[in-house]
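Novice: Below are the C-alpha cells for one structure; questions will follow.
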Amino acid sequence: MNKSLKIIPLGGMGKVTKNMFVYETSEEILLVDCGIGFPDPTMLGVDLLLPDVSYLKESKKRIVGMLLTHPHDDHIAGLPYVLPDLPVFPIYGSRLTAGFAKDRCKDFGIDVKINPVGDQEFKVGSFTVLPIKVTHSVPDSRHFGITCPAGTVYHGSDFKFDSNPVDGVLSEKDKIKSFGERGVDLLLSDSLRSERKGRSSSESLLRETFEQEIVGVKGKFIVTVMSSNIHRIQLAVDVATKHGRQVAFLGRSIEKNVETAQNLGFLKLPNRIVDKREIEKIDPRSVCVLIAGSQGQEGSSLKRASQGDHDLISFKPDDKVVFATEPIPGNEVNVYEAIDNIARLEADIAYSDINEETLHVSGHASADELVELINLTKPKYLLPIGGAYRHMVQYKKLATTIGYQPNMVIILKDGQTVLYEDETVKLGENIDLKEVIVDGLGIGDVGTRVLEDRRQMAEAGIVVIAILVSGNKGTIVGSPEIVSRGFVYMKHAGKLTKKITQEVNKNLPKALGKKDWSEVRRRVERRIERLIYKETRRTPLVLSVIKQV
Ligand SMILES: [Zn+2]
C-alpha cells in the first residue's frame, strides 16, 4: 500500500508559533514553513524556540522542497537555524515572504535562494501545489492547495477574509472554491480566533484610528507596530503625511522590513524620510516616528526610549505614543511595563485597553470566516492548526454546528501524526518532539535539566559548599567553605553555617568510601538540601565542590 499521506506538525500542536509541517508520502517529504517560537516566562534566559527536525534528519526519504506561507517570524525565522542541518532543497514563497526570509538568513551569513510563487500550479516532486492569495496582518500571504497521489489537502495557514485590504489585494475566494470542487480530503485551518463570533475587522479600520489619535498632538506622534505589519505601517505613514508630518523609522527590525518592503513595492513612502539621527532636531509637531518594540522586548528601541535610555529619541509630555498592536498572549508584563514607564515620562499614550474598538484589529479569521473557508473548500476532514488547544476545541465545536460529525474534526496532541490512506483520515504514530531552545549562540544545548536548575536558582538561590579532602587518607582538611547567592546573607547565618559544617563532617567520611566522586557529591548535596529545607523551608540549588589535596 503506497498511496498514503502522513502529516506531521514538527513545531508541536497547540503551540500557535514555531510552525513547521511535514507532508510525507512513501518516498518523498514536502515541508511547509519553518518558524520560531517564543518562550514562556518560566523558561529563564531562553531567547527562542525551534521546531524539532530530528525526524527529518533520521528520515531516509527525500525532501523535495519547502513552501513558505507568509512572512511572519513564527513561519520563516527558523530557517537560518534549521537549514544548515538539512540537505539542500528548493524553497518556494511569495515575493515579500522571500524578501523577509532572505533577510533573516542574511543575518546569519546564509545566502538562501527562494523561488517565487506565481498564480499557477507547480510541481514539487510528486506534489502539485496551487498558491492562493489570502489576506492577513502581513501582505503577500498564501494558502496552498496540495495534491499528491494519496489525496488533496488545503493548507490554510494564518488568514482572514478582509473585504477592504489596505493594498487592495483580496483573498482569492473563487480560486479556493474551484480547488474545493476538485474534492478536498483534508482542510488544515487557522483556528486562533475560533472563539470570536462574526468576522474580524478590516485592517483599513486602523486608518480612522490613526486619524483620531493624531489630532491635537502638540509634540511628536509616535506609533509602535509589529515590524512585519507593513499594512499598518503604510496607514500610519499615510495619515501622518496627510497631517503634515514627516516620517522617521527607528529600530533595527522595522528599518530592515521597511527597506525590503519598499524595495519590493509593498510600501509606498513619501520622498523625504527623516533620518533617525534628526528626530530630536526638528520641530516635534512635524514628525511621526514609527518605532520597533511594540511587544516591549528587552533591548528594543521602544523599551529603551520608555526607560529614558535611547540616544536618538526621548518621550516628552507633549508627545503621544500609540500602541497599534496588542500584546502577544504571555507577553503582557513586558508591554505594560513599557506603557507604565512611558506614563511616568508624562507622554500621552493610546493602547488597546483604552481604545479597544479600533486598536484591536486581528489578522486572524473569526468564526464566520472560518466557516466560510470550510464552505468554500468542502473538505471531508478538518484539522485545526495555529491555535492553542482551547482554540482547536472551539474550532471543532464550530464545525459541528455546520453539520460535521465530531470524528471528522481531528485535534492533534503534541507529537501526534495524521495518516490519510484508503480515503480515511486516522491518527498515525506518535513521534517524540523535543523543545529545541536557542540561548545566545547555543542551539539545543539547553535542555529541561538546565531550565529546571535556572528556575530553582531564580526561586531560592544557590548554595555552594567547597570541601578540601586529603588525598591519601580521605579526611576533610579544615572546615568547608560555604558561599551563597540569592539565598541568605551567609555572614548573618552563623547558626546555619555551623549546622551545614557539622552535617558535612558527619556524612562525608562515610560517603568517601564510594569511589565515584559524582556519587559522593550527590550524597553530600542531598543531605545539605534536606538540612536547609528543615531549617529554612527553602530549596536553593545546592552545589558541592570537593577537591583533593
Ligand atoms: Zn501570521
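The values are calculated or read from the model by the stated rules, or taken from the named source; none is laboratory data. Predicted model, so just to flag it, every value in this text is computed and none were measured. Ideal geometry is used to build each Cβ from the backbone, glycine not excepted, and the neighbour counts take in all protein chains shown. Quick note on the areas: whole protein, heavy atoms, side chains included, nothing else; ligands and nucleic acids left out. Shrake-Rupley method; radii C 1.70, N 1.55, O 1.52, S 1.80 Å.
Novice: With just the Cα atoms defining each centre, how far is segment 362-380 from segment 287-301? Give it in Å.
Specialist: Centre-to-centre distance over Cα atoms comes out at 34 Å.
Novice: Using the Karplus curve 6.51 cos²θ - 1.76 cosθ + 1.60 with θ = phi - 60°, work out ³J(HN,Hα) for each residue of segment 172-181 in order, rounded to whole Hz, and write x for Gly and Pro.
Specialist: Karplus-based 3J(HN,Hα) across segment 172-181 equals 8, 5, 4, 5, 4, 4, 6, 5, x, 5 Hz.
Novice: Also, I was wondering about something else. Figure the gain on full extension for Arg252 and Asp516 (residue separation times 0.36 nm, minus the Cα-Cα span) and round it to one decimal in nm.
Specialist: 89.9 nm
Novice: Select from segment 6-104 those trypsin sites (Lys or Arg not before Pro) which occupy a DSSP coil region and have at most 16 other Cβ atoms within 10 Å, ordered by residue number. List each step's numbers first, then the result.
Specialist: Values: sites: Lys6, Lys15, Lys18, Lys57, Lys60, Lys61, Arg62, Arg95, Lys102, Arg104; in loops: Lys15, Lys18, Lys60, Lys61.
Passing sites in segment 6-104 are Lys60, Lys61.
Novice: Hey, another quick one. Hey, got a sec? Which trypsin sites (Lys or Arg not before Pro) in segment 462-532 land in a DSSP loop and have at most 16 other Cβ atoms within 10 Å?
Specialist: Counting only loop positions with at most 16 other Cβ atoms within 10 Å, the trypsin sites (Lys or Arg not before Pro) in segment 462-532 are Lys473, Lys514, Lys515.
Novice: Measure up Lys197/Lys218; Lys175/Lys434; Lys506/Lys547; Lys102/Lys281; Lys303/Lys491 against 29 Å on the Cα-Cα distance and list the ones that go over.
Specialist: Values: Lys197/Lys218 39 Å; Lys175/Lys434 38 Å; Lys506/Lys547 18 Å; Lys102/Lys281 35 Å; Lys303/Lys491 38 Å.
Check vs 29 Å cut-off fails for Lys197/Lys218; Lys175/Lys434; Lys102/Lys281; Lys303/Lys491.
Novice: Provide the FRET efficiency to the nearest 0.05 for the Glu452-Glu372 pair, computing r from the beta carbons and using R0 = 45 Å.
Specialist: Result of the calculation: an efficiency of 0.50.
Novice: Dividing the alpha-carbon radius of gyration of segment 102-224 by 2.2 N^0.38 Å (N being the number of residues), what value is obtained?
Specialist: On the way: Rg = 18.9 Å, N = 123, 2.2 N^0.38 = 13.7 Å.
Rg over 2.2 N^0.38 Å, computed on Cα atoms: 1.38.
Novice: Here's another thing I want to ask about it. I'd like the accessible area for Asp318: 1.4 Å probe, protein heavy atoms, all chains in place, Å² to the nearest 10.
Specialist: 90
Novice: Here is a follow-up. Just from its helices, what would the mean residue ellipticity at 222 nm be for the chain, if runs of 4 or more DSSP H residues each count -39500 (n - 2.57) and the sum is divided by every residue, rounded to the nearest 500 deg cm²/dmol? Intermediate values should be presented prior to the final figure.
Specialist: Working: 16 runs with 167 residues, N = 549.
The helix-only estimate for the chain comes to -9000 deg cm²/dmol at 222 nm.
Novice: While we're on this one: How big is the chain in terms of Cα radius of gyration and Dmax, in angstroms?
Specialist: Every Cα atom of the chain included, Rg and Dmax give 27.9, 86 Å.
Novice: Distance between the C-alpha centers of segment 425-457 and segment 18-93? Whole Å please.
Specialist: 15
Novice: Here's something else I'd like to know. Quick one: what are the phi-derived ³J(HN,Hα) couplings along segment 436-450, Karplus 6.51/-1.76/1.60 with θ = phi - 60°, whole Hz, x for glycine and proline?
Specialist: These are the phi-based 3J(HN,Hα) values: 9, 10, 10, 10, x, 8, x, 10, x, 8, 9, x, 5, 4, 5 Hz.
Novice: For Lys123, which aspartates and glutamates qualify as cross-link partners when the Cα separation must be under 18 Å and same-chain residues fewer than eight apart are set aside?
Specialist: Cross-link targets: Glu24, Glu27, Glu28, Asp33.
Novice: Using a 1.4 Å probe and ignoring any ligands, DNA or RNA, find the accessible area of Lys218 and quote it in Å² to the nearest 10.
Specialist: Spelled out: Lys218, probe radius 1.4 Å, area about 140 Å².
Novice: Follow-up. How many percent of DSSP beta bridges within segment 1-79 run antiparallel, rounded to 5?
Specialist: 65
Novice: What residues have an amide H closer than 5 Å to that of Ile91, excluding those fewer than 5 places away on the same chain, when H is modeled at 1.01 Å from N in the peptide plane?
Specialist: Answer set, sorted by chain and number: Met66, Asn115.
Novice: To the nearest 10 square angstrom, how much accessible area does Val289 have with a 1.4 angstrom probe?
Specialist: 0
Novice: Then there's this: Looking at the chain, identify the longest residue range that excludes and avoids all GluC sites (Glu not before Pro) in DSSP loops having at most 13 other Cβ atoms within 10 Å.
Specialist: Here the longest run is 122-297.
Novice: A further question on this structure: In segment 70-150, which chymotrypsin sites (Phe, Trp or Tyr not before Pro) are in a loop and have at most 16 other Cβ atoms within 10 Å, using DSSP for the loop call?
Specialist: Within segment 70-150, the qualifying chymotrypsin sites (Phe, Trp or Tyr not before Pro) (loop, at most 16 other Cβ atoms within 10 Å) are Phe108.
Novice: How many percent of DSSP beta bridges within the chain run antiparallel, rounded to 5?
Specialist: Antiparallel: roughly 50 percent of the beta bridges in the chain.
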